[in-house]
Amino acid sequence: MSRNLFRAGLIASAALIAATAAQAQSSTVTVYGVMDLFLQYGHGGAGTQTSVQSGGVSGSRLGFKGNEDLGGGLQAKFVLEQGINADAGSLGQGSRAWGRQAWVGLSSANWGSLSAGRQYIPQYTILDSLDTFGTGAGSAAESGVVTTVSRADNSVLYVTPSVNGFQGTVMTALGEATTGSRDNSNLYSVGGTYANGPFSAGVAVNVFKASANNNVDSRYALLTASYDLGVARLSGALQSVRNLNNVEANDRTEAMFGVNVPVTDADVVSAQVGASRTAHTSGGSGVQWSLGEAHALSKQIGRAHV
């Protein structure tokens, strides 16, 4: 009985917040989107293929985000964002309605922000912000040479205020397992960033709990850094992954290094090399070289999370 009453209370509170936001003069809702299409040509032993693909530089999407000023520096926020396969008009992320993001939270300049729902994992956010290609086309993270998991369901995320350039993030995502250990399939992630003038750095640790008692946990440890020389921005990352995909001894060491060179106000040339090595595996090493040039047709065009 008490559990049912608690659920009813949450639903009533959510409805009240929604009604208040609709009537408040200090609330805003923004509709936004990205449509990214490209022509791809491939040639290999099995033949050739020419195709239209969606999401080269940035994932195509439609989103809604809003915020309301609650007073005292406190704001209520939400994001609903669905991925779109623009070449076919279908939904992305496994045909989820809001597969890219779906969360609601509170934020304060003094206390940071707290949010819950489907959200980006701190490790991915830190890697994306310092990646030469922004985890888009050309990135060693996009191809899988450097391993990352972008989002987590059932997650709760806390982000601290920025203090002297330092900012921390903590996330837990509930696997909501009904058998075995109560934390089977849970995610625990912490991260931190530092920014001071041209220098930026970030660290993150992920623990993906095994889905069954007889499996092993997967662990990530990431270190990133970048330095903006004005004429070019240098960036790199090192990562250690233990028991990838919860497979024992499936261990990887990964790295990537790149440079962004602004040629004009609208043109940036980017280059990157990424490498990985899987322990105890013959032929488990890989290297990727990438070179790209981006021209912004509009000031509104820019990279976004893939």
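Numbers below:
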| quantity | calculated |
| --- | --- |
| Per-residue HN-Hα couplings for region 228-239 [Karplus 6.51, -1.76, 1.60; θ = phi - 60°; Hz; x = Gly/Pro] | 9, 8, x, 7, 6, 10, 9, 8, x, 8, 10, 8 |
| Where labels lie 7 Å past Cα in the beta-carbon direction, separation of THR253 and TRP111 in nm | 4.5 nm |
| The chain - mean residue ellipticity at 222 nm from DSSP helices (-39,500 (n - 2.57) per run, n ≥ 4, rounded to 500) | -3500 deg cm²/dmol |
| For the chain, the Rg and Dmax computed from alpha carbons only, in angstrom | 21.1, 66 |
| The chain, relative contact order in percent, only Cα pairs under 8 angstrom and at least six apart counted | 11 percent |
| At most 13 other Cβ within 10 Å, DSSP loop - trypsin sites (Lys or Arg not before Pro), region 136-233 | ARG182 |
| For VAL216, distant residues with modelled amide H under 5 Å away | GLU248 |
| The chain: angle of helix 2-23 to the longest principal axis, Cα-based, in degrees nearest 10 | 80 degrees |
| Sequence-distant lysines (8 or more away, or on other chains) whose Cα lies within less than 27 Å of LYS77 | LYS65, LYS299 |
| Residue-normalised accessible area of the chain, expressed per residue, 1.4 Å probe, Å² | 56 Å² |
| Contour excess over end-to-end distance, with Cα ends at ALA46 and ASN196 and 0.36 nm allotted per residue | 49.0 nm |
| Cleavage-rule hits, trypsin sites (Lys or Arg not before Pro), region 53-136, DSSP coil, Cβ neighbours within 10 Å at most 15 | ARG96 |
| With every protein chain in place, region 171-277: carbon and sulfur % of accessible area (1.4 Å) | 57 percent |
| Whole-Hz couplings from phi, Karplus 6.51/-1.76/1.60, listed for region 89-101; x for Gly and Pro | x, 9, 7, x, 6, x, 6, 6, 5, 10, x, 7, 8 |
| For region 34-39, 3J(HN,Hα) per residue [Karplus equation, 6.51 cos²θ - 1.76 cosθ + 1.60, θ = phi - 60°, Hz, x = Gly/Pro] | 9, 10, 10, 10, 8, 9 |
| Longest exposed-site-free window of the chain, the sites being GluC sites (Glu not before Pro) in a DSSP loop that have at most 13 other C-beta atoms within 10 Å | 1-175 |
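The values are calculated or read from the model by the stated rules, or taken from the named source; none is laboratory data. These figures come from a predicted structure and were not determined experimentally. Ideal geometry is used to build each Cβ from the backbone, glycine not excepted, and the neighbour counts take in all protein chains shown. Accessible surface areas use protein heavy atoms only, side chains included; no ligands, DNA or RNA. Shrake-Rupley method; radii C 1.70, N 1.55, O 1.52, S 1.80 Å.
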